[in-house]
Amino acid sequence: MTARGYVIAHLSNVKFDPDVQRYMEQIEATFEPFAGTWLIHGATLEIVEGDWPGDIVIIEFPTLSAARDWYSSPAYQAILSLRTGHMDSRVALVPGVPAGYRSAHTIAKLLAT
């Protein structure tokens, strides 16, 4: 089974203005054709270690390829500047782990190298 893909964004210094409002109103229509769904959006972080200013957003996709296709899609690229012009952001595409994953799998790979 293919692992799911995730878009993770860490947003800070957000200036909520009409552009950001338009971005928020339009983003779902850009990721829904790629079967993207919100996992985390607008939640208050409970920091238990370190310093973490800002907010986190996580969108789940059926595959990493679908996440990549969404991010590079003309529909998303058309609204991207509405976000990037009004906040500091770090965004990453991340593969999930396959079903049945155990940390011992990674340990075995590390020991084999």
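A few remarks follow.
- Cα gyration tensor shape for the chain, rounded if a/c is under 1.5, else prolate or oblate: oblate
- Taken one residue at a time, the phi angles of segment 61-78 give Karplus couplings (6.51, -1.76, 1.60, θ = phi - 60°) of 10, x, 8, 5, 4, 5, 4, 4, 4, 4, 4, 8, 5, x, 5, 6, 4, 5 Hz. Gly and Pro are set to x.
- Accessible surface of the chain, 1.4 Å probe: 58 percent of it comes from carbon and sulfur atoms.
- Centre-to-centre, using Cα atoms only, segment 13-51 and segment 63-113 are separated by 15 Å.
- Fluctuation leader among Thr44, Thr63, Thr30 - the chain, Gaussian network, Cα springs under 10 angstrom: Thr44
- Accessible area per residue, Å², the chain with all protein chains present, probe 1.4 Å: 65 Å²
The values are calculated or read from the model by the stated rules, or taken from the named source; none is laboratory data. Everything numeric in this text was worked out from a predicted model, so none of it was measured. Areas reflect the complete protein model, heavy atoms only, side chains present, ligands, DNA and RNA absent. Shrake-Rupley method; radii C 1.70, N 1.55, O 1.52, S 1.80 Å.
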